[in-house]
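Just so it is clear, none of the values below were taken in a lab; they were calculated from the coordinates. Keep in mind that this is a model prediction, so the values were computed, not measured. No Cβ is skipped: glycine too gets one built from the backbone with ideal geometry, and neighbour counts run over all protein chains shown.
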Amino acid sequence: MNESRGTAIHVSGLTVAYGNNLALDNVRLDVEIGDYMGIIGPNGGGKSTLLKAVMGLTDIMAGEITIMGKSLREGRKLIGYVPQSAEFDRNFPIDVLEVVLTGMLPKGLKPFRRYSEEEIRQAHDLLGSVGIEHLARNHISALSGGEFQKMLIARALAAKPKILLLDEPTASVDASSRAQIYDLLDELNKEVTIILVTHDLLAISSRVRRLACLNNRLIYHGEPELNEDVVTNLYGCPVDLIAHGVPHRVLKEHGGEDGCSC
Amino acid sequence: MLMLEAVLQYRFLQYAIATGILASVLGAVIGVIVVEKRLVMMSGGITHTAYGGVGLGYLAGFEPMIGAFAFAIAAALGMGYIKRKGTFKSDVIIGLFWSLGMALGVLFISMMKGYPPDLSSYLFGNILSVGLTDFTIMALVTAVVLLIVVIFFNYWKAYLFDDKFAEIRGISVPVMDYLIFVMIAVSAVAMIRVTGIILVIALLTAPAAAASLLTAGLGKRMVIAGILGTFFTMGGLWVSYMLDISTGASIVILAVISYFLIWSAVRILAVNAGGRVRNKWMS
């Protein structure tokens, strides 16, 4: 899906504040249908807030968001969301298959809604497509970080989304799983638009096709060839661009004179 | 006289046992949701606010339990609204409602003329004083709560696991938020007669927390919590009868001690099995 076929997400003049702290300041961003966009920036720079705003999960002070030309309320149903695996209680009483099935629940509240045989088969297929079908009946506590993330991707796909938002999907996975997840996203990008929030500069340099750099304001939006000036402007200090295959985690609050605490 | 003989002979003991079993089932179902959703302190706040309603009932001359239901439901909706708006931190809201409810209760009772009533049965419970009305209220609340949980069971599971994802999918998360807060309120007030305002939180948390150590399915946790809760309630009732001590306190002490025993047993088994026990039980 390389050719542009219209705008998937349009954000203009977006401003979001938490109390007196401005998380997003007049952000304008367009994501084309079929795009594979990476969003980078320091912690506290507004990346997750931008995702929340696009999903209608946070109040916005000003600005407009449309999704596939529809209002936020209507358009957000076209979004599949993959949160960070660290947000979950691994002891929650649910197995892998059930997690994927929750992505198939219809909107509203339908009394006595049970999963059909067809839905269960589809859930197995989705788990197969992300390579963890054999774990379908395992409790979520038995999954590795990478397997957990794949399960969340399968759940997002269960809703048949047009756009996939991923919030640091490789933050707590090993190198091998990280490569598998990126391969999977490459494959999925043939069908869906992908927006990837990450600190993984390796992914930025080798996987995504467009890049947005966010530090409360949009610092950069364009091709993923980062130069030193853009990164220094983004993080407010020099950052080593050589990823070493290890995600950089850059803190917003920098300490000392020797640069940032990456 | 053996307790069994006494049960057959005395109506108040029959009501106590029937109400205790219903309270255990109710506490198990709501308790599992409370524990999984991490609403234990909020449940405590809602329950303690009910004390204001009890005080108002005595002052204004209507049934104190009606006041307790009204105050608890109002607190649940208020806390839910403020929590959803994100204006305050959750623990601040809980603390404010908690202390305000208790303060209003004390204030209303202090405004009564003559000797103040003894409110210890509302604070610490007295299952042996349960009558037909209390039993009927408990049966109705249990039936309604069970029905709501069963009807939307898969939605509850999705909501409890990841409410953000559920909201994006168009599932009515605000409705579920308020529904769970109101269910906590009515359940906690219905259980006040068993363990009292101060101790009801133990009946919500101990069986559910113990069940979470033993099984991995949401429905199974509710069933096991119900069985454990019934054991705690009946055991506490028996101990109370045999030793002639406070029933509410007996139930709660038995529940908490049992939780730590189960926790210790699971830990020991896990260590002996090289950490494999939990996953084995959960598969």
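For region A:1-110, what is the convex hull volume of the alpha-carbon atoms per residue, in Å³?
Details: hull volume 17.4 nm³, N = 110.
Considering the Cα atoms of region A:1-110, their hull volume per residue is 158 Å³.
In terms of its C-alpha gyration tensor, chain B has an oblate overall shape, because the principal axis ratio a/c (a ≥ b ≥ c, square roots of the eigenvalues) is not below 1.5 and a/b does not outweigh b/c. Please report how far the C-alpha centroid of region A:51-112 lies from that of region B:34-62, rounded to the nearest whole angstrom. Centre-to-centre (Cα) distance: 33 Å. Once the gyration tensor of the Cα atoms in the protein assembly as shown is diagonalised, the equivalent ellipsoid follows with semi-axes of 50, 27, 21 Å, ordered largest first.
Based on the inverse mean of 1/r over its pairs of different Cα atoms, what is the Kirkwood hydrodynamic radius of region B:84-221, in Å? Kindly include the intermediate steps, with their values, before the conclusion.
On the way: mean 1/r = 0.0564 Å⁻¹.
Hydrodynamic radius (Kirkwood, Cα only) of region B:84-221 equals 17.7 Å.
Taken over region A:136-225, the convex hull of the Cα atoms encloses 117 Å³ per residue. Packing, taken as the mean count of other beta carbons within 10 Å per residue, orders the peptides B:179-191, A:130-142 from highest to lowest as B:179-191, A:130-142. Residues B:98, B:263 in ascending order of nearby Cβ atoms (within 10 Å, fewest first): B:263, B:98.
Determine the shielding of peptide B:212-221 by partner chains: average, over its residues, the number of Cβ atoms on other chains within 10 angstrom of each Cβ. Spell out each step's value before the answer.
On the way: counts 3, 1, 0, 1, 10, 5, 4, 1, 1, 1.
Counting Cβ atoms of other protein chains within 10 Å of each residue's Cβ and averaging gives 3.
Taking only pairs that are 8 or more places apart or on different chains, how many Lys pairs in region B:3-282 have Cα atoms under 16 angstrom apart? Mind showing how you got there, number by number?
Values: B:37/B:83; B:37/B:157; B:37/B:164; B:83/B:164; B:85/B:164; B:157/B:220; B:220/B:280.
So the count works out to 7.
Between region A:156-180 and region B:68-114, the alpha-carbon centres lie 42 Å apart. By the count of neighbouring beta-carbon atoms within 10 Å, fewest first, B:215, B:133 end up ordered B:133, B:215. Peptide A:85-91 shows a mean partner chain C-beta count of 2 within 10 Å per residue C-beta.
Computed with the Debye formula from one identical point scatterer per Cα of region A:63-174, without solvent, the log10 of I(q)/I(0) at q = 0.20 Å⁻¹ comes to -1.11.
Within 10 Å of the Cβ of each residue in B:167-178, the mean number of Cβ atoms contributed by other protein chains is 5.
Output the relative contact order of region B:3-282, whole-number percent, from Cα pairs under 8 angstrom with separation of 6+ residues. Could you put the intermediate results ahead of the total?
On the way: 424 pairs, mean separation 78.8, N = 280.
Relative contact order of region B:3-282: 28 percent.
When its C-alpha radius of gyration is set against 2.2 N^0.38 Å (N residues), region B:1-93 gives a value of 1.44.
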